[in-house]
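Inspection log for the structure reproduced underneath, given as structure tokens.
Each reported figure results from applying straightforward, stated rules to the coordinates on display, with no laboratory input. Given the structure is predicted, the values throughout are model-derived calculations rather than measurements. Ideal geometry is used to build each Cβ from the backbone, glycine not excepted, and the neighbour counts take in all protein chains shown.
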Amino acid sequence: MQVLVVGAGVVGLAIARTAARRGHDVVVAETTGGIGNGVSSRNSEVVHAGIYYPTGSLRAHHSTRGRRMLYEFCAAHGVAHNKCGKLIVATDADELAKVESLIAQGNANGVEGLELIGGNAARALEAELFCIGALSSPESGIIDSHGYMLALWGELEDCGGAIAFETPVESMSFAAPHWHVQFGGRDAGVVTFDAVVNSAGLGAQALARRIDGYPGGKVPPLVLAKGNYFGFAGKPVFSRLIYPTPVDGGLGVHVTLDLAGRMRFGPDVEWIDHESYTVDPHRADSFYDRIRSYWPGVPAGSLVPDYCGIRPKLSGPGEKQADFMIAGEAAHGLPRLVCLFGIESPGLTSSLSLAEEVVDRLAA
Ligand SMILES: Cc1cc2nc3c(=O)[nH]c(=O)nc-3n(C[C@H](O)[C@H](O)[C@H](O)COP(=O)(O)OP(=O)(O)OC[C@H]3O[C@@H](n4cnc5c(N)ncnc54)[C@H](O)[C@@H]3O)c2cc1C
């Protein structure tokens, strides 16, 4: 099939690479001038083990399976990563109960190696940490996400696929047997394809509304949840990922590390109604409070505004967390079209597994 993938983020690239490896003729259309310029360049770069998500959900299935596939891909393609492990820490009895329920959840999801350790054992691993107990997750890690996307792009091209940059998809309609796709930008015009994947991240809903015949009631709401990060201006004190217990809409202000060992904190959850990428320095105040609960020694004045990302959520504050949505013909009635909505965390971790499901659905 001639397959169009809309969006050169990590998920679109993984889908394009998987489709090309299966012998399809693949083009990726991307509005911006490069790969990973959307949500994919504004995240924590954490390879999630798959602990938090309801058993049987797409997020649970694709994160656990995708994580195993991702480590294998990194090893095979020389993509920098570090399976550094993670501690989810409890600082009081209520949080300890939450941590225990997370272990049960992770075990039900098939996550390997989860263990409840005491406060002393946690401090033996991370001397600066305060907690009364912690969940140790040895399978969690970090990855050079840009290196990963470059490797996906390389494989796509090796299999004959290509990316058209500065080429927004404006609209499309199905007239059997083809999709007729209207492009803007430098390659403006109409091109036909056998199959289309809408992997446009924050733009997925807007694009779905411009697909002729796509039922309006089947386009889910887009809820924007900004996550702000603060860098740590000092010598790193932790060598693994340190997470508090999760909060409404996110995983809590955690310690993430980059591959050079530098520490940063975030993301928090800021519900917004339009895209904006400024980090308000005043949010540092609430960061100190939250970090101090598990790192009492965090020095005053050590946090500097860094970057932020926007989660393309399908549920809002106080609502039950929505799952990933993979909408195929059964959902919208249009042949050989798959739309992805709500691909927030753990989308990076899940990308290779999601890609297999999407390409299977195109061929079905
Ligand atoms: C704060 C934050 C932290 C996160 N942390 C993690 C983490 O640690 N681990 C993890 O696994 N996941 C994490 N995630 C989730 C992960 O980053 C996303 O799931 C993933 O990057 C989504 O990739 P994507 O390809 O779907 O979207 P994107 O990367 O946004 O790609 C979509 C692309 O489509 C393009 N586009 C849009 N409309 C059109 C159009 N009409 N025509 C052509 N192109 C178009 C855009 O320009 C963009 O490049 C995090 C997300 C956030 C926001």
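Looking only at residues in the range 283-316 that are of a type in the set (Ser, Thr, Tyr) and part of a loop (DSSP other than H, G, I, E, B), which one is farthest from TYR52 (Cα to Cα)? Talk me through it step by step, then tell me what you get.
From the range 283-316, those of a type in the set (Ser, Thr, Tyr) are 286, 288, 293-294, 302, 307, 315; that's our starting set.
So of that shortlist, the ones also part of a loop (DSSP other than H, G, I, E, B) come out as 293-294, 302, 315.
Values: SER293: 21, TYR294: 20, SER302: 30, SER315: 16 Å.
Per the criteria, the residue is SER302.
Here are the criteria: (1) near the ligand (Cβ under 8 Å from one of its atoms); (2) farther than 29 Å from ASP306 by Cβ. Tell me which single one THR55 does not satisfy.
(1)
Touching a residue at least 24 places away in the same chain (Cβ under 8 Å) and closer than 26 Å to PHE130 by Cα: does that describe ASP306?
Details: touching a residue at least 24 places away in the same chain (Cβ under 8 Å): yes; closer than 26 Å to PHE130 by Cα: yes.
Yes; evaluated as a whole, the condition is true for this residue.
Being within 15 Å of the ligand (Cβ to nearest atom) and either of a type in the set (Lys, Arg) or on the phi > 0 side of the Ramachandran plot (or both) is true for just one of ARG240, ARG292, ARG262. Which residue is that? Show your work before the answer.
On the way: ARG292 fails: within 15 Å of the ligand (Cβ to nearest atom); ARG262 fails: within 15 Å of the ligand (Cβ to nearest atom).
After applying the criteria, what remains is ARG240.
Being crowded, with 18+ Cβ neighbours inside 10 Å and either among the acidic types (Asp, Glu) or outside any helix (DSSP H, G or I) (or both) is the filter; apply it to the range 143-158 and report the residue that is nearest to the ligand (Cβ to nearest atom). Before the answer, list the steps.
Filtering the range 143-158 down to residues crowded, with 18+ Cβ neighbours inside 10 Å leaves 143, 145, 148-149, 151-153, 155-156.
Add one more test, that the residue is either among the acidic types (Asp, Glu) or outside any helix (DSSP H, G or I) (or both), and what stays is 143, 155.
Numbers: ILE143: 8, GLU155: 16 Å.
Among those residues, the one meeting the criterion is ILE143.
Check GLY33 against each of (1) surrounded by fewer than 21 Cβ atoms within 10 Å (Cβ to Cβ); (2) touching a strand residue (DSSP E or B) at 6+ places or on another chain (Cβ under 8 Å) and name the one condition it does not meet.
Status for GLY33: all satisfied but (2).
Among the listed residues GLY261, GLY217, which satisfies the condition of being surrounded by fewer than 18 Cβ atoms within 10 Å (Cβ to Cβ), not in a loop (DSSP other than H, G, I, E, B) and not acidic (Asp, Glu)?
Numbers: GLY261 fails: not in a loop (DSSP other than H, G, I, E, B).
Selected residue: GLY217, the only one of GLY261, GLY217 that is surrounded by fewer than 18 Cβ atoms within 10 Å (Cβ to Cβ), not in a loop (DSSP other than H, G, I, E, B) and not acidic (Asp, Glu).
Give the residues of the range 189-213 that are assigned to a loop (DSSP other than H, G, I, E, B) and surrounded by 22 or more Cβ atoms within 10 Å (Cβ to Cβ), sorted by residue number.
So the first thing to find is which residues in the range 189-213 are assigned to a loop (DSSP other than H, G, I, E, B), and the list is 194, 199-200, 210, 212-213.
Matches in the range 189-213: SER199, ALA200.
Do you know which residues across the range 317-337 are of a type in the set (D, E, K, R) and in a loop (DSSP other than H, G, I, E, B)?
Filtering the range 317-337 down to residues of a type in the set (D, E, K, R) leaves 319-320, 323, 329, 336.
Scanning the range 317-337 gives GLU319, LYS320, ASP323, ARG336.
Please find, within the range 74-104, the residue that is surrounded by the fewest Cβ atoms within 10 Å (Cβ to Cβ) out of those that are of a type in the set (S, T, N, Q) and more than 20 Å from the chain's Cα centre (by Cα). I'd like the intermediate steps shown before the answer.
Applying the first criterion (of a type in the set (S, T, N, Q)) to the range 74-104 yields 82, 91, 101.
Narrowing further to those that are more than 20 Å from the chain's Cα centre (by Cα): 91, 101.
Working: THR91: 20, SER101: 11.
It comes out as SER101.
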